[in-house]
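Since every read-out is calculated from the coordinates, none of them should be taken as a lab result. Small disclaimer: the values here were computed from a predicted structure and weren't measured. Neighbour counts are summed over all protein chains in view; Cβ atoms, including those assigned to glycine, are modelled from backbone coordinates with ideal geometry.
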Amino acid sequence: MATRAGYRLTRDRIHLAEHRLGPIARREGYANVEALLTNLWANPVASLGWAVIEALLNAETWFRRDRSPFAVLEKELLPALSRVRPGGRVSLWSAGCSTGQEAWSVAMAGLEIGIPVDLVATDLSQRAIEKARSGLYTGFEIQRGLTARTMLRWFEPVEDNWRVRDELAAAVRFGRANLLDEPTDDARFDVIFCRNVLVDMEPTRRARVLDGLERRLVDDGCLFLGADEQLEGETVAFRPVSGRKGLYVKSPSALRRAA
């Protein structure tokens, strides 16, 4: 798991997530989770390994989670960036988007103030990406972060669920991606959201992901990390923005290196 996803599969983590792995063990014909993992460590099988990794990934998310980043984005960053970008368009990346709530929240922030955004959203979990791409959520999922007014503005009822309206759906492109992999294109972004992704990663893998984010971010762009995630001594690529918890910009040393 550390090699493929950057997370160490410790015994504590296995114990806490045993209920997630139980269905996989039963489906694959193992007596219990311990037997599944023992066999997987002895005889790694890519498809089974990814199934275990996806089950253990923390998919916890909700709309406009923590609120503050979205307020800063909508009221400060998007207007400022739009003024200096061709056609006023701002490019964003939701890296580690889970089931899509963050990406839709980012897109809403732009559309609600009339700023055109190009938003790419990726996650390691294929299951999460499929749900995100469907744009289909329960009423509980929608109301966990959004007001009734916002729900009615951006979602339409579909039987017992709610689905994003076409205008919102057109603003986001979802895809599966591993942040540890080398980029397959030269796309760069004005704003990157990578919140609550790095916290459980091994230090060397964190550094690798941060290096990739630094290369993907334009020189005057901004990076959002989780409110409780801090970069201490492991990278000089970013510096925190005073008074804006979780917001980072490129450090002078990173800009000199790029030049």
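Based only on Cα atoms, what mean projected area does the convex hull of region 68-258 have, in nm²?
11.2
Using 0.36 nm per residue of separation minus the Cα-Cα distance, give me the extension gain between Asp211 and Ala187 in nm, one decimal.
7.2 nm
Could you derive backbone 3J(HN,Hα) for region 61-68 from the dihedral phi with the Karplus parameters 6.51, -1.76 and 1.60 (θ = phi - 60°), listing whole Hz in sequence and x where the residue is Gly or Pro?
6, 7, 5, 6, 4, 6, 6, 3
Give me, ordered by chain and number, the residues 5 or more places off Cys222 or on other chains with an amide H under 5 Å from its own placed amide H.
Amide H neighbours of Cys222, under 5 Å, 5+ apart: Val191, Ile192.
How would Ile142, Ile115 line up from fewest to most surrounding beta-carbon atoms within 10 angstrom?
Ascending Cβ contact count within 10 Å gives the list Ile115, Ile142.
At most 13 other Cβ atoms within 10 Å and a DSSP loop assignment: could you name the GluC sites (Glu not before Pro) in region 90-160 that fit?
Here the sparse-neighbourhood loop sites are Glu159.
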